[in-house]
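The values are calculated or read from the model by the stated rules, or taken from the named source; none is laboratory data. On a predicted model such as this, the values are computed, not experimentally measured, just so you know. Neighbour counts run over all protein chains shown; Cβ positions are idealised from the backbone, glycine included. Surface areas here come from the heavy atoms of the whole protein model, side chains and all, with no ligands, DNA or RNA. Shrake-Rupley method; radii C 1.70, N 1.55, O 1.52, S 1.80 Å.
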Amino acid sequence: MLHVLVATVQRHDLLDELRAIAPATTTFLGEHGLEAILERLGRSARIDAVVTDDPEVLMEIYHEIPGAMPVYLARPDEDAAAVLAGLDALLTDD
């Protein structure tokens, strides 16, 4: 069972949409900045992947946790179902 952190910075509607359809093992962190997101990742050994809407978050995670954490960057026009499908593809890509 995968644990995913959804950390939106700009698209708070996406956070609400994902909350309605995401698995129970999903953690949501909205309206928080980069530091709060990195702190949450640092405190939680259970997070296996991250979904974000901010390229800066993606880059900082790669700098702080190189190669160890899959991060899916949601496009501005993507709905919640497409985000979950994209995350699934990222996690199952061999």
For segment 1-93 the trypsin sites (Lys or Arg not before Pro) that pass both the DSSP coil test and the at-most-12 other-Cβ-within-10 Å test are Arg46
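Kindly state, to the nearest 0.05, the FRET efficiency for Arg46 paired with Asp77, given R0 = 41 Å and r defined as their beta-carbon distance.
Details: r = 31 Å, r/R0 = 0.75.
For R0 = 41 Å, the calculated efficiency reads 0.85.
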For the chain, the percent of accessible surface on carbon and sulfur atoms (probe 1.4 angstrom, ligands and nucleic acids excluded) is 52
Expressed as a whole-number percentage, the relative contact order of the chain with C-alpha contacts under 8 angstrom and at least six residues apart is 31
Taking Ile21, Ile47 and ranking on accessible area (1.4 Å, protein atoms only), highest first, one gets Ile21, Ile47
Amide H neighbours of Val51 at under 5 Å, excluding residues fewer than 5 places away on the same chain, with H built from the backbone geometry, are Leu5, Val6, Ala7, Tyr72
Dividing the helical contributions, -39500 (n - 2.57) per DSSP H run of n ≥ 4, by the residues of the chain yields a 222 nm value, nearest 500 deg cm²/dmol, of -13500 deg cm²/dmol
With +1 on the Cβ of every Lys and Arg and -1 on the Cβ of every Asp and Glu, the dipole magnitude of segment 4-44 about its Cα centre, in debye rounded to the nearest 20, is 160
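May I ask you to give the solvent-accessible area per residue for the chain, in square angstrom, as obtained with a 1.4 angstrom probe?
Values: 5400 Å² over 94 residues.
Accessible area per residue, the chain: 57 Å².
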Under a 1.4 Å probe, counting only protein heavy atoms, His12 has an accessible area in Å², nearest 10, of 60
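Compute the orientation-averaged projected area for the chain from the convex hull of its Cα atoms and round it to one decimal in nm². List each step's numbers first, then the result.
Numbers: hull surface 22.3 nm².
It is 5.6 nm².
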Over all Cα pairs of segment 1-52, the Kirkwood radius sets Rh, and Rg/Rh then becomes 0.94
